[in-house]
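Participant: Take a look at the following structure, please.
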Amino acid sequence: MKENKMGVMPVNRLLITMSVPMVISMLVQALYNIVDSMYVAQISENALTAVSLAFPYQNLMIAVATGTGVGVNALLSRSLGERNKELVNKTACTCIFLAGASWIVFALLGLGFSRTFFAMQTDVAEIVNGGESYLLICSILSIGLFIQIAFEKLLSSTGRTVLTMLTQGAGAIINIVLDPILIFGMFGMPKMGIAGAAAATVIGQIIGAFLGIWLNHRFNHEIHVSFRSFRPEFKVIKAIYSVGIPSILMASIGSVMTFGMNKILIGFSTTAAAVFGVYFKLQSFVFMPIFGMNNGLVPIVAYNFGARKPERIVKTIKLSMMYATGMMVLGFAAFQLFPQNLLSIFNASDTMLAIGIPALKIISFHFLIAGVSIICSSTFQALGHGVLSLEMSLIRQLIVLLPCAFLFAQTGVLDLVWLAFPIAELVAVVLGILFMVRIFRTQIRPLKEEQLILEME
């Protein structure tokens, strides 16, 4: 098996060539998130609040899909580095099997519990009814989401992130185009309102899934997908989820945090909850590029760990932290200088502006250090230590952020609630650095010593 570019290409060029396509596609994804909410906001503020309250469930679906994908990515890339072709192909087939199983679970949950999910958060009938119709469509037809992400991970595992960019970009662009058509009933289509936003989302995901399948079949020849003799193997599933479950739980913690924050904020007003939802859409434009870079970082680090090349691992981590911090500083500047402009995208009322401007300015202080914790977390996943990423996320979001927000809320001063975000991020960064030092001592340094011994011989 010819050595993959991840083991031989200069690290900076490799990281850029693998990450830039993913960064672009993630920016397109972020743009779609913003456009989606921008159109929904034109229906009413309650419609915007409904979509915001649906986010924890949607995020949970994405968490399972991407978390499983992280496990697949790490195992596939490591298997490629070890030149274990049989395990590569078994992992690919298992990835698709798990995507289908995940869709069935979430479709059934959405069918049975969508209304209850919204009724737990608010008693405003317009929000509950609109949210239920939105979530039913997004969950029952989520097969596109799971299949698209599965095949994207197969492409990125072999370094073909340009093709991953095409699947994500195509799905997002279709969504952006269909949003106004289906929401407002343009070109002879029925006016579907909030349900139209959901329909546009799932159609984009399904088309992205079909494109991902075709691109893998046409270009991803290092992976052979065949279900003729396939049987799910416990050891492969276990290897995937040893990294994937911590990643899933880590992202799921985000859903719990968002649900909890919505409950805290709706105690102030539905507008406060809407502002939080808007913040999440806006911050995705800052964070998505870094998550895109992570899609380049994880397979590079995993591959070179399997190939026993410690110097390439260290250089990849250092460059990623530098790029991530730079992007975060730009995001911080935008939130500090243009909060009113950003909120106005969502048809913000005077009340929303009064709440939202200080919210964006206060929360965005955590951007300055968040890049470090994100890169640390992705490195842990790539090296098979997803539990460390989980611990960081658990402490940041549930042990620090939510309790701080709750305590600050007891003062009755909404602006104090937003301080919970920078406080929690500071704790996460300290933990990330401590864990990274431990990883270096136990895994990277021994590889360097092994390399020195081989060179001396």
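All of the numbers you see were taken from the coordinates with simple rules; none came from a lab. Here the structure is a predicted model, which is why all the values come from computation and not from measurement. Heads up, the Cβs are rebuilt from the backbone with ideal geometry, glycines too, and the neighbour counts pull from every protein chain shown.
Participant: Which trypsin sites (Lys or Arg not before Pro) in the range 291-324 sit in a loop by DSSP (not H, G, I, E or B) and have at most 16 other Cβ atoms within 10 Å of their own Cβ? Present the calculation step by step, with values, prior to reporting the outcome.
Facilitator: Details: sites: ARG308, ARG312, LYS315, LYS318; in loops: ARG308.
Loop-located and lightly packed - ARG308.
Participant: For the range 171-187, in order, what is each residue's ³J(HN,Hα) by Karplus, 6.51 cos²θ - 1.76 cosθ + 1.60 with θ = phi - 60°, in whole Hz (x at glycine and Pro)?
Facilitator: Working through the residues one at a time gives x, 5, 5, 4, 4, 4, 5, 6, 3, x, 5, 7, 5, 9, x, 8, 6 Hz.
Participant: Take the alpha carbon atoms of the range 184-233, find their center, do the same for the range 273-308, and report the distance between the two centers in whole angstrom.
Facilitator: The range 184-233 and the range 273-308 have Cα centres separated by 22 Å.
Participant: Please give the Cα centre distance for the range 10-31 versus the range 366-402, rounded to the nearest Å.
Facilitator: Using only Cα atoms, the two centres lie 21 Å from each other.
Participant: Work out from phi, with θ = phi - 60° and the Karplus expression 6.51 cos²θ - 1.76 cosθ + 1.60, the ³J(HN,Hα) of each residue of the range 282-299, listed in order in whole Hz, and give x for Gly and Pro.
Facilitator: 5, 5, 4, 5, 8, 7, 4, x, 5, 5, x, 5, 4, 5, x, 5, 4, x
Participant: Given Cα pairs under 8 Å that are at least 6 residues apart, what percent is the relative contact order of the chain? Spell out each step's value before the answer.
Facilitator: Working: 717 pairs, mean separation 107.7, N = 457.
Relative contact order for the chain comes out at 24 percent.
Participant: If the chain between ASP350 and PHE268 were fully stretched, how many nm would it gain, using 0.36 nm times the residue separation less the Cα-Cα distance?
Facilitator: Gain on stretching ASP350 to PHE268: 27.9 nm.
Participant: Let me ask something else. Can you tell me the 0 to 90 degree angle between the C-alpha axis of helix 310-337 and the longest principal axis of the chain, rounded to 10?
Facilitator: 20 degrees
Participant: Between 0 and 90 degrees, rounded to the nearest ten: what's the tilt of helix 85-119 against the longest Cα principal axis of the chain?
Facilitator: Its long axis makes an angle of about 10 degrees.
Participant: May I pose another question? Among the listed pairs LYS85/LYS235; LYS153/LYS263; LYS238/LYS281; LYS318/LYS448, which are separated by more than 23 Å between their Cα atoms?
Facilitator: Numbers: LYS85/LYS235 16 Å; LYS153/LYS263 34 Å; LYS238/LYS281 34 Å; LYS318/LYS448 17 Å.
The pairs that break the limit, which is 23 Å between Cα atoms, are LYS153/LYS263; LYS238/LYS281.
Participant: Go through 411-424, 47-60 and give me the packing order, highest mean Cβ count within 10 Å leading. Mind showing how you got there, number by number?
Facilitator: On the way: 411-424: 18.2, 47-60: 25.1.
My ranking of the peptides, most packed first, is 47-60, 411-424.
Participant: Give the whole-number value, in cubic angstrom per residue, of the convex hull volume spanned by the C-alpha atoms of the chain.
Facilitator: Looking at the chain, the number lands at 135 Å³ per residue.
Participant: Let me ask another. When the helix-only estimate is applied to the chain (DSSP H runs of n ≥ 4, each -39,500 (n - 2.57), divided by the residue count), what is the mean residue ellipticity at 222 nm, nearest 500 deg cm²/dmol?
Facilitator: Mean residue ellipticity, 222 nm, calculated: -28500 deg cm²/dmol.
Participant: If you put +1 on each Lys and Arg Cβ and -1 on each Asp and Glu Cβ, how big is the dipole of the chain around its Cα centre, in Debye rounded to 20?
Facilitator: Here the chain has a charge dipole of around 1320 debye.
Participant: Separate question: Need one word for the range 37-120: rounded, prolate or oblate. Basis is the Cα gyration tensor (sqrt eigenvalues a ≥ b ≥ c); a/c below 1.5 gives rounded, then a/b vs b/c decides.
Facilitator: prolate
Participant: Pull out a ≥ b ≥ c, the square roots of the eigenvalues of the alpha-carbon gyration tensor of the range 271-341, then state rounded if a/c is under 1.5, prolate if not and a/b is larger than b/c, and oblate in the remaining case.
Facilitator: Judged from the Cα gyration tensor, the range 271-341 comes out prolate (a/c at least 1.5, a/b above b/c).
Participant: Shifting gears a bit: From largest to smallest, what semi-axes in whole angstrom does the range 94-234 give when each is the square root of 5 times an eigenvalue of its alpha carbon gyration tensor?
Facilitator: After diagonalising the Cα gyration tensor, the semi-axes are 32, 20, 10 Å.
Participant: Using Cα atoms only, what is the angle between the long axis of helix 350-363 and the major principal axis of the chain, expressed in degrees (0 to 90) to the nearest 10?
Facilitator: So the inclination is approximately 30 degrees.
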